[in-house]
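Novice: So that we are looking at the same thing, I have put the structure below in structure tokens.
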Amino acid sequence: MPLISVTDLDVRFGADDEIVHAVRGVSFDVAEGETFGLVGESGSGKSTVLRAMSGLNADWTGSIEIGGTRLGRVRGKPFYKRVQMVFQDPYGSLHPRHTVDRILSEPCQIHGMSDIDTRVSDVLVAVGLGPTFRFRYPHQLSGGQRQRVAIARALILEPEILLLDEPTSALDVSVQAEILNLLQRLKQERGLTFVLVSHDLSVIAHMCDRLAVMNAGRIVEELTVAQLRAAEPAEAYTRQLLRASLGYDRSAAADMESFD
Amino acid sequence: MSGATGAKDGALLTVEDLSVRFHTRTGIVDAVRNISFSVGREKVGIVGESGSGKTMTGRSVLRLIRPPGEITAKRMEFDGHDLLTLTEKQMRDIRGDRVSMVMQDPKYSLNPVMTIGEQIAEAYRVHTGASFRDAKVRAAEMLAAVKIRDPERVLSLYPHEVSGGMGQRIMIAMMLIPDPDLMIADEPTSALDVTVQMQVLAIIDDLVTQRGMGLMFISHDLNLVASFCDRVIIMYAGQIVETCKANELDQAQHPYTRGLLNSLPRLDRKPGPLPVLERQESWKTEPGVDAYFK
């Protein structure tokens, strides 16, 4: 049985004649211990799928199951203990007036956990920051360090599932490599399941086992990373995305089509 | 094309020993340190990570560094004009008309209280003295050229009503209208989807190959620069650490460049831990290299 099962997910924003149908009938399964990628261009609905899964957007229809339990619109503490999220922008996702210590302690307090002090220092070591960072404010950290804190905050509740929304797109490539390595190591150590949203096919290929390509709210195609690496996508949209990801090519630019 | 014929070596822009310094409360920050390069009628990529000084290099060519920032150079010459000694008024004739700059963030570079159409038309009228009606027509043509659907509608929108990617294309359209000799593009396509990026780059590419425009392409994306540009300048800590032909970037020698290339996840490489860049203090103290157009 898959750990995560999303069936016929639909998300609409707005009302009446200004309705935006952001996600249209999206279905996919993610097995335990797998990394599943959602890739697409801006406006394809990939982040909206993740936000509906995380409970940040309560306005959806369809079914989202985790471990066989169907999720409601409003999620309780047991859900957040199992599923945590890391956001794209580490500058925006950390409270500017809270120290790292407070950022990491707060989820523990909410969930009534014991040994908060040990948990905070352990998780800082796990994300490669160490105790010297514990009483700093976010503005005293670099972008990569902030993203490590955001990952630590997601991990401190010891969840099974991490939802990752473009976790490295705001970072330099050398820092991106460090964060991707960190995520891979944590996944192995803790047996995590990842759902990774990215616009970058090479990041998806590096991290994932399987991926779904999204365009205009729909899943265009689901494929394994081996198929992606072998450049064997079935759909024209995916082939174009792949070609554009390989770098600039004047003749390819002339062939670009629009798929919406 | 006006002005002198340029330097003997065919370079449009020649910069020698450029430094940019900021005097701050905590001391002097050397954003750019003694760099020398030139740009011909070609596509030159300037790559580096955040804080390497690539944006400051681009801005200092147009003297767009405000106090407490300070530019010093032995020589900074564009097509026979000494950019170091021109008055502000003379600089205004160069900016936009002869040398244009596409800024990184359209949100801060477009005027929030003017419609897109008024802004593009204004730029065109200032540079050509055309009528408002002609300027509007030209503006719509340029928007269509940067692959904006329904340009007439977009002309009547305000900057907050367009997406980041569209804003970036509007900036590019605006900069292309005066037909510049040199374009400084600071991460012009980083906010765009890969397919749109490809189409926008094709427009810039055609201007370089067909009209002989020079291009300084500032980017953090090594793959893109390697495939798009003719020549690459790699910056680290305010210096040029290496320069090479773009198609030979994969054979780069400097450990910093190698480290950056290796840290990229690739579609054609088996996954496994990515090599992490180990920075060495000596990269900052070793003298940089020159990157002249030959």
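The values are calculated or read from the model by the stated rules, or taken from the named source; none is laboratory data. All of these numbers come straight from a predicted model, not from anything done at the bench. Here Cβ is always computed from backbone atoms with ideal geometry, including for glycine, and neighbour counts include all displayed protein chains.
Novice: Looking at the range B:258-283 only, could you name the residues that are without any contact (Cβ under 8 Å) to a residue 24 or more places away in the chain, surrounded by 13 or more Cβ atoms within 10 Å (Cβ to Cβ) and more than 9 Å from chain A (Cβ to nearest Cβ)?
Specialist: From the range B:258-283, those without any contact (Cβ under 8 Å) to a residue 24 or more places away in the chain are B:258-259, B:262-263, B:265-279, B:281-282; that's our starting set.
Cutting the leftovers down to surrounded by 13 or more Cβ atoms within 10 Å (Cβ to Cβ) gives us B:258-259, B:262-263, B:265-267, B:269, B:271, B:274-277, B:279.
Answer for the range B:258-283, where residues must be without any contact (Cβ under 8 Å) to a residue 24 or more places away in the chain, surrounded by 13 or more Cβ atoms within 10 Å (Cβ to Cβ) and more than 9 Å from chain A (Cβ to nearest Cβ): just B:ARG258.
Novice: For the range B:143-160, indicate whether the set of residues that are in contact with a Leu (Cβ under 6 Å, 6 or more places away or on another chain) and within 14 Å of chain A (Cβ to nearest Cβ) is non-empty.
Specialist: no
Novice: What's the number of the condition B:LYS136 fails, among (1) of a type outside the set (S, T, N, Q); (2) surrounded by 15 or more Cβ atoms within 10 Å (Cβ to Cβ); (3) closer than 22 Å to B:MET56 by Cα?
Specialist: In the conditions (1) of a type outside the set (S, T, N, Q); (2) surrounded by 15 or more Cβ atoms within 10 Å (Cβ to Cβ); (3) closer than 22 Å to B:MET56 by Cα, B:LYS136 misses (3) alone.
Novice: Moving on. Here are the criteria: (1) in a helix (DSSP H, G or I); (2) among the β-branched types (Val, Ile, Thr); (3) more than 19 Å from the chain's Cα centre (by Cα). Tell me which single one B:VAL200 does not satisfy.
Specialist: Failed condition: (3).
Novice: State all residues of the range A:28-75 that are among the hydroxyl-bearing types (Ser, Thr, Tyr) and farther than 20 Å from A:PHE87 by Cα; if no residue qualifies, say none.
Specialist: Residues of the range A:28-75 that are among the hydroxyl-bearing types (Ser, Thr, Tyr), as a first pass: A:35, A:42, A:44, A:47-48, A:54, A:61, A:63, A:69.
A:THR61, A:SER63, A:THR69 - these are the residues of the range A:28-75 that are among the hydroxyl-bearing types (Ser, Thr, Tyr) and farther than 20 Å from A:PHE87 by Cα.
Novice: Within the range B:284-291, can one find any residue that is surrounded by fewer than 16 Cβ atoms within 10 Å (Cβ to Cβ) and either within 13 Å of chain A (Cβ to nearest Cβ) or under 22 Å from A:VAL175 (Cα atoms) (or both)?
Specialist: Checked against the condition, which is being surrounded by fewer than 16 Cβ atoms within 10 Å (Cβ to Cβ) and either within 13 Å of chain A (Cβ to nearest Cβ) or under 22 Å from A:VAL175 (Cα atoms) (or both), the range B:284-291 yields at least one hit.
Novice: So which residues in the range A:75-118 are acidic (Asp, Glu) and over 30 Å from A:ASP59 (Cα atoms)?
Specialist: Going through the range A:75-118, the residues acidic (Asp, Glu) turn out to be A:89, A:101, A:106, A:115, A:117.
Matches in the range A:75-118: A:ASP101, A:ASP115, A:ASP117.
Novice: A:GLN145 is checked against (1) touching a Leu at 6+ places or on another chain (Cβ under 8 Å); (2) modelled with pLDDT of 95 or more and fails just one. What number does that condition carry?
Specialist: So A:GLN145 meets the others, but not (2).
Novice: In addition: Identify all residues within the range A:56-82 that are farther than 22 Å from A:GLY14 by Cβ and free of Cβ contacts under 8 Å to residues at least 40 places away in the same chain; write none if there are none.
Specialist: Residues satisfying the conditions are A:THR69, A:ARG70, A:LEU71, A:GLY72, A:ARG75, A:GLY76, A:LYS77, A:PRO78, A:PHE79.
Novice: Taking the condition of being among the β-branched types (Val, Ile, Thr) and part of a loop (DSSP other than H, G, I, E, B), how many residues in the range A:74-114 meet it? Walk me through it before giving the result.
Specialist: As a first pass, look at the range A:74-114 and keep what is among the β-branched types (Val, Ile, Thr): A:74, A:83, A:86, A:99-100, A:103, A:110.
Those left that are additionally part of a loop (DSSP other than H, G, I, E, B): A:74, A:99.
Looking only at that region, the number is 2.
Novice: Please go through (1) surrounded by fewer than 18 Cβ atoms within 10 Å (Cβ to Cβ); (2) not in a loop (DSSP other than H, G, I, E, B) for A:SER42 and return the number of the only condition it doesn't satisfy.
Specialist: (2)
Novice: Which of the following residues is under 26 Å from B:LYS284 (Cβ atoms), in contact (Cβ under 8 Å) with a residue 60 or more places away in the chain and either within 11 Å of another protein chain (Cβ to nearest Cβ) or in a helix (DSSP H, G or I) (or both): B:VAL225, B:VAL232, B:VAL208? Working first, answer last.
Specialist: Working: B:VAL232 fails: either within 11 Å of another protein chain (Cβ to nearest Cβ) or in a helix (DSSP H, G or I) (or both); B:VAL208 fails: under 26 Å from B:LYS284 (Cβ atoms).
After applying the criteria, what remains is B:VAL225.
Novice: Going through the range B:166-191 one residue at a time, which ones are of a type in the set (D, E, K, R) and in a loop (DSSP other than H, G, I, E, B)?
Specialist: First, pick out the residues of the range B:166-191 that are of a type in the set (D, E, K, R): B:169, B:179, B:181, B:186-187.
Across the range B:166-191, the qualifying residues are B:ASP179, B:ASP181, B:GLU187.
Novice: Please give the number of the condition B:ARG149 fails out of (1) assigned to a helix (DSSP H, G or I); (2) surrounded by fewer than 19 Cβ atoms within 10 Å (Cβ to Cβ).
Specialist: All conditions pass for B:ARG149, except number (1).
Novice: Okay, moving on. Hey, any hits in the range A:180-199 for a residue that's crowded, with 21+ Cβ neighbours inside 10 Å, closer than 25 Å to A:GLU257 by Cα and under 14 Å from the mean Cα position of the chain (by Cα)?
Specialist: Yes.
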